[in-house]
Structure formats: C-alpha cells, structure tokens
Amino acid sequence: DCVYCDRPISMSVTAAEEGLADSSPSVQLDTLIDLSEAHTVHSSLSEQLGELLRSDENIVAIYTLFLLRNHLEIARHHIEAVGDLTISESPNLRHESLSLLADLAPDTQHLVHAALTRLQRDAEPDIHLAAIRLLSCYPNAEEDVISPVLHYAYEAVRQASEDLGVIIEALLALGLTPDKIRDELSQYSSDRSTQLLIDQCLEIDVTE
C-alpha cells in the first residue's frame, strides 16, 4: 500500500469491475480515484469506462476523463464519446474533453470542428486555450481553422493577455511563419511592452 495515503497502489480487476458497476455514483467515484492511483488499468475495464463517460453525474464523467488521460491506449476506444462531451453543459467537461482529444492526436482530426465551435461560442478562457491546443495538433491547417485562432490572438494582444505566448505557439504549430504572425499581431498592438512580448515569444519558439 501507498505509504503516503490509505489508497492502494494496485487494484484487482474484479474489485474495479464491481466498483465501476455499482449503482452509487460515490462508489463509482471512489473506484475511479483508486484506479487513478494504480500503476495499470486493465483493458477489460474499457467498456465500463466508456459507459461512465456518459454518466448523468458530471463528477463521475470528469474523473473518468482524468483517468483516461493517463491511459490513452484505452481512451482511443472512446474518442466519439469524448467528443460528445465537448458540447456538455458543464464547463469542466468541455475543458477536460478537449484536453483529452488533444492528447489523442492525430486520431482526433475529424473532431477539429468541435474545437472551433468551442473557440467561437464559449465564454471560458480555459476552454478557449484547450480548443486552441487541440487545433494546434494539426499543422498546415486550412484557413477556416487558422482564422478563429488568429482572431483570438488579436483579442489577446488587445487585452495584453498572459496567454498570448501559448496562442503564438499554437499559430506557429498551425504553420504560420514568424514574420506572418508578427505582421498580423503588430497592427493590434499599440503598447510597446506587448510588442516586445510578441517578439520574445516568436524568438523563443524560432530558436528552440
């Protein structure tokens, strides 16, 4: 057992199956937490984990996403279910599902439209960044992908957002050249410090 906590570092398949199948969301949640502490998650649990992604209890679905981010080989069997969560009413589910889809690239390219929708319609900055991260997994993107990210970058420049560096990294990953990014963003920056930040982000990414 773990010397720092009272949770086991391994869990039998039978115990996991029983916990995940329990009718009580709290038991399901405890089982997911125990599995997250385990070194391995048996592939035979894949179907049950897929069902929990569709749980009416948001917290159960969220912890299932947490678990699957550490077990991508299982998560790949549930890409469509994860994609469905990008339109959940829960901001946490939208954020975590987009993050997992990015982890599963390049198998999630057909769900890029989900990231575009969240980028254009969501009000949560964290969700915007998760959407941008998913989009940036697919370089040489079409204009309909690049334009919304570039628009978000314009807003980040106007607001001198601390997320500007992350957004510039995404634009570079999408295939825009440093000169193109500098030209596009500079026209929205009247502040010298923001202009310096743009140049710094580009120089860091170009040299690395």
**OP:** Could you check residue 116 against (1) more than 25 Å from residue 62 (Cβ to Cβ); (2) in contact with an Asp or Glu (Cβ under 8 Å, 6 or more places away or on another chain); (3) not small (Gly, Ala, Ser) and say which number it fails?
**Re:** (1)
**OP:** Please go through the range 65-91 and pick out each residue that is among the charged types (D, E, K, R) and within 24 Å of residue 37 (Cα to Cα).
**Re:** 69, 73, 76
Subject >> Top-ranked residue in the range 149-197 [being among the aromatic types (Phe, Trp, Tyr) and more than 20 Å from the chain's Cα centre (by Cα); ranked as nearest to residue 133 (Cα to Cα)] >> reply: 154
Subject >> Residues located in the range 77-105, provided they are over 15 Å from residue 126 (Cα atoms), assigned to a helix (DSSP H, G or I) and of a type in the set (Gly, Ala, Ser) >> reply: 81, 83
Original post:
Would you pick out the residues in the range 106-137 that are surrounded by 20 or more Cβ atoms within 10 Å (Cβ to Cβ), small (Gly, Ala, Ser) and part of a loop (DSSP other than H, G, I, E, B)?
Top reply: 136
Subject >> Complete set of residues in the range 1-22 that are exposed (fewer than 12 other Cβ atoms within 10 Å of the Cβ) and at pLDDT 90 or above >> reply: 14
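Is there a residue being over 23 Å from residue 170 (Cα atoms) and among the β-branched types (Val, Ile, Thr) anywhere in the range 76-83?
So far as the range 76-83 goes, no, none of its residues is over 23 Å from residue 170 (Cα atoms) and among the β-branched types (Val, Ile, Thr).
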Original post:
Looking at (1) closer than 23 Å to residue 66 by Cα; (2) not assigned by TED's automatic domain parsing to the domain that holds residue 65, which is the one condition that is false for residue 159?
Top reply: (1)
Original post:
Inside the range 182-196, can you point out the residues that are of a type outside the set (Gly, Ala, Ser), surrounded by 14 or more Cβ atoms within 10 Å (Cβ to Cβ) and either in contact with a strand residue (DSSP E or B) (Cβ under 6 Å, 6 or more places away or on another chain) or in contact (Cβ under 8 Å) with a residue 24 or more places away in the chain (or both)?
Top reply: 184, 185, 188, 194
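Hey, among the residues in the range 50-64 that are in contact with a Ser or Thr (Cβ under 6 Å, 6 or more places away or on another chain) and buried (at least 18 other Cβ atoms within 10 Å of the Cβ), which one's farthest from residue 102 (Cα to Cα)?
Filtering first and then ranking leaves 52.
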Original post:
Is the range 97-104 home to any residue that is crowded, with 21+ Cβ neighbours inside 10 Å, outside the structural domain of residue 68 (by TED's automatic domain parsing) and closer than 16 Å to residue 83 by Cβ?
Top reply: no
Original post:
Take the residues of the range 23-46 that are surrounded by fewer than 14 Cβ atoms within 10 Å (Cβ to Cβ) and outside any helix (DSSP H, G or I): which is modelled with the lowest pLDDT?
Top reply: 39
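The values are calculated or read from the model by the stated rules, or taken from the named source; none is laboratory data. As the structure is a computational prediction, the values presented were derived from the model and not from experiment. We place every Cβ from the backbone using ideal geometry, glycine too, and count neighbours over all the protein chains shown.
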